[in-house]
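Asker: Sending over a structure as structure tokens; questions will come in a sec.
The values are calculated or read from the model by the stated rules, or taken from the named source; none is laboratory data. Since we're looking at a predicted model, the values are computed, not measured. A quick note on method: Cβ atoms are made from the backbone with ideal geometry, for glycine too, and the neighbour counts reach across all protein chains shown. Calculation scope for accessible area: heavy atoms of the full protein, side chains included, ligands and nucleic acids excluded. Shrake-Rupley method; radii C 1.70, N 1.55, O 1.52, S 1.80 Å.
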Amino acid sequence: MQELDSTDRRLIAELRKDGRAPMAQLATRIGISRATAEKRVARMVENGTILGFTVRARDESSSIRAVMMIEVAGRATSAVIRNLKEIPELHMLHTTNGGWDLIAELRADSLGDFDRVLREVRLIDGVLNSETSLLLSSA
């Protein structure tokens, strides 16, 4: 993967805000030409820096959000990750060092859905322990 300069990082930040914004609008926001913006986005897609574009169907602030730290048994990490990726409410998954093996970012529409997701994660073979913190507000 190619190193990103400040223009690439600003383009990515704008795309995170609105992945469907017209290229001319993105270019204007960061002060580059439309052609430059198109070339840079195409390059980042081609080299794997940008993996895809997504649509947010509803206001994310209205959903229940949480971070779950997960301890995995022995060499079960790959199998646990495969199973976790099947849970639609799992927004992001990170490997980490320290006391926890994985950190999952969760989003659910209701407390009932959130409770179900916690149970599903804890029932996955290879998950030894977990700790979950609700995200109450963002600064």
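Asker: Can you give the log10 of the normalised intensity I(q)/I(0) at q = 0.10, 0.15, 0.16 Å⁻¹, computed with Debye over equal Cα scatterers of the chain?
Answerer: Those come out to -0.47, -0.88, -0.94, one per q.
Asker: If you don't mind, another one. Roughly what percent of Cα-Cα pairs across the stretch 94-139 reach past 18 Å?
Answerer: 35 percent
Asker: Over the chain, with the other protein chains present, what is the accessible area per residue in square angstrom, probe 1.4 angstrom?
Answerer: Per-residue accessible area for the chain comes out at 66 Å².
Asker: For the stretch 84-89, what does the Karplus curve 6.51 cos²θ - 1.76 cosθ + 1.60, with θ = phi - 60°, yield as ³J(HN,Hα) per residue in whole Hz, taken in order and with x for Gly and Pro?
Answerer: Calculated HN-Hα couplings, in order: 5, 5, 7, 8, x, 6 Hz.
Asker: Continuing with the same structure: What percent do you get for the relative contact order of the stretch 76-136 when only Cα pairs under 8 Å and 6+ apart count?
Answerer: Relative contact order comes out at 31 percent.
Asker: If each of Arg82 and Leu135 carries a label point 7 Å out from its Cα toward its Cβ, how far apart are those two points in nm?
Answerer: 2.9 nm
Asker: Suppose a student asked you for the relative contact order of the chain, using Cα pairs under 8 Å spaced at least 6 residues apart; what percent would you report?
Answerer: Answer for the chain is 24 percent.
Asker: Per the helix-only calculation at 222 nm, which mean residue ellipticity applies to the chain, given -39500 (n - 2.57) for every DSSP H run of n ≥ 4 and division by its residues, nearest 500 deg cm²/dmol?
Answerer: The helix-only estimate for the chain comes to -11500 deg cm²/dmol at 222 nm.
Asker: Moving on. Evaluate the charge dipole of the stretch 27-131 about its Cα centre and quote only its size in Debye, nearest 20, assuming +1 on the Cβ of each Lys and Arg and -1 on the Cβ of each Asp and Glu.
Answerer: So the magnitude is around 600 debye.
Asker: When the accessible area of the chain is computed with all protein chains present and a 1.4 Å probe, what percentage of it is carbon and sulfur?
Answerer: 49 percent
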